[in-house]
1. Look at the range 259-309 and say how many of its residues are under 24 Å from residue 232 (Cβ atoms), without any contact (Cβ under 8 Å) to a residue 40 or more places away in the chain and part of a helix (DSSP H, G or I).
2. Considering only residues of the range 147-159 that are out of contact with any helix residue (DSSP H, G or I) (no Cβ under 8 Å at 6 or more places or on another chain) and in a helix (DSSP H, G or I), which is farthest from residue 426 (Cα to Cα)?
3. On the given criteria, is residue 324 free of Cβ contacts under 8 Å to residues at least 40 places away in the same chain, surrounded by fewer than 17 Cβ atoms within 10 Å (Cβ to Cβ) and touching a helix residue (DSSP H, G or I) at 6+ places or on another chain (Cβ under 7 Å)?
4. Determine which member of the set 334, 340 is in the same structural domain as residue 125 (by TED's automatic domain parsing), over 29 Å from residue 247 (Cβ atoms) and either surrounded by fewer than 18 Cβ atoms within 10 Å (Cβ to Cβ) or in contact (Cβ under 8 Å) with a residue 12 or more places away in the chain (or both).
5. Testing residue 226 on (1) in contact with a strand residue (DSSP E or B) (Cβ under 7 Å, 6 or more places away or on another chain); (2) under 25 Å from residue 163 (Cβ atoms); (3) surrounded by fewer than 19 Cβ atoms within 10 Å (Cβ to Cβ), one condition comes back false. Which one is that?
6. Could you please find all residues in the range 507-529 being buried (at least 17 other Cβ atoms within 10 Å of the Cβ) and more than 25 Å from the chain's Cα centre (by Cα)?
7. The conditions are (1) modelled with pLDDT of 90 or more; (2) assigned by TED's automatic domain parsing to the domain that holds residue 169, and residue 389 fails exactly one of them. Which is it?
8. Please find, among 142, 128, the residue that is crowded, with 24+ Cβ neighbours inside 10 Å, under 22 Å from residue 507 (Cα atoms) and in contact (Cβ under 8 Å) with a residue 40 or more places away in the chain.
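The values are calculated or read from the model by the stated rules, or taken from the named source; none is laboratory data. What you see is a predicted model; the values in this text were computed from it and never measured. Please note: Cβ atoms are built from the backbone with ideal geometry, for glycine as well, and neighbour counts cover all protein chains shown.
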């Protein structure tokens, strides 16, 4: 319906010799704070200087140019000072929503916006030989949602998990295992034992020896490589279990180690293009004049760094995928680092560097307001987080369904736990830090994942009480029905907004809003036995479809019963 408004305004502006693109008009449109001022409002302030008229007068003249639109689309178009207010035909809106949502079903809201374009999304990227902890959970949840949103809009999405399987930390790990390792403990609880020895080895007194161990690994030492492969295999088994539980999938697994040999080519290319400088025996790219500091490419001992590998990886990925965009979902503490990487790629002559985007997220904080720090032994493992959340979900389920079978309890609790964790994160603006509070996340009331699931299940229980009829008549609509209909019709716009900002909180907040509006509608408008029964049942079915589509974008699975 927004497109109809844009079309009318564009035509009227043309008569005033003002040319604006559809997208420019869309960006100017406002949703009034009250339905009394219409469904959309077009402000005319910006035209005052160009047309040398008062905004109020411009609004009146544009309204006159618009003329009389079809009554099936608009009930009225009025001016209010410098605004042109558009009132849609409510019954037309209702029919449009129900027909489209129940016809297109899982495709409702989709577009071909990204057709024939590739987007590469790198997310999760845990470190080998460490437990999957809370530190990488945020990237996993947000990156997965961004990938879902892009796919929904028609892009060919390549989901990449770029594993931290190389670097000086492996020198510490190799030293730690040789010094403190136990084969018996490694067999019993491999990942936990590797974390223990890493923490012990991560001390200043072992720094020199750790660097020596990593140099051996880079040089291809057989014993070092054998242990490294063992640690990687152990870690991947653990990661796969977590991803399967969370319903997360990747198209490609890459590792920093894959670019060990290609890094020499990058260093050579940087030298040939006169971008490298020597500093205290190390090789750097000096970006200080651009306000980006110095990027270290090779240490004085010839050891390479993340930057060297990331440059090699980016070049390799473009050669292989020819992407429209490459998104790195990584914490905000790496903001400067990615600016350096993208700028270096530009200086190397790669035009596609402008299509590389760092989507940053804030930190998870403990209840004490402090960040989690693995190296100090203070962390939460994903498996423990899941177990605790599932346990809390079970208690809530049993309160409502005491006679539930054990099998069904396990099934529901897992889905509720995942919804609680995912939504607990995604409802926040990704750039903000957030307190990770499981008890608050699992609540069945308020702004939570379980509340979204509960609303869907509640709507389903109404539909089960009667058979939905194919035909219905739209009577005089109540305010609660109108508000729900208008919001459900915004779904496609919401998805586009989430894509443009690469911020899934737009979708999460939308899910909560339509759930609230549904519950308000249900309390105010009788369904079963009312003369409006057939339409209201269709409206409930439409709500469920839209909520299901939106929740899918968050990675949340809905339930028929709570």
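1. Here the count works out to 2.
2. The extreme case among them is 151.
3. No: the conditions fail for residue 324.
4. The conditions single out 340.
5. If we test residue 226 against (1) in contact with a strand residue (DSSP E or B) (Cβ under 7 Å, 6 or more places away or on another chain); (2) under 25 Å from residue 163 (Cβ atoms); (3) surrounded by fewer than 19 Cβ atoms within 10 Å (Cβ to Cβ), just (1) comes out false.
6. 519, 521, 522, 525, 527 - these are the residues of the range 507-529 that are buried (at least 17 other Cβ atoms within 10 Å of the Cβ) and more than 25 Å from the chain's Cα centre (by Cα).
7. Tallying (1) modelled with pLDDT of 90 or more; (2) assigned by TED's automatic domain parsing to the domain that holds residue 169, residue 389 fails exactly one: (2).
8. It is 142.
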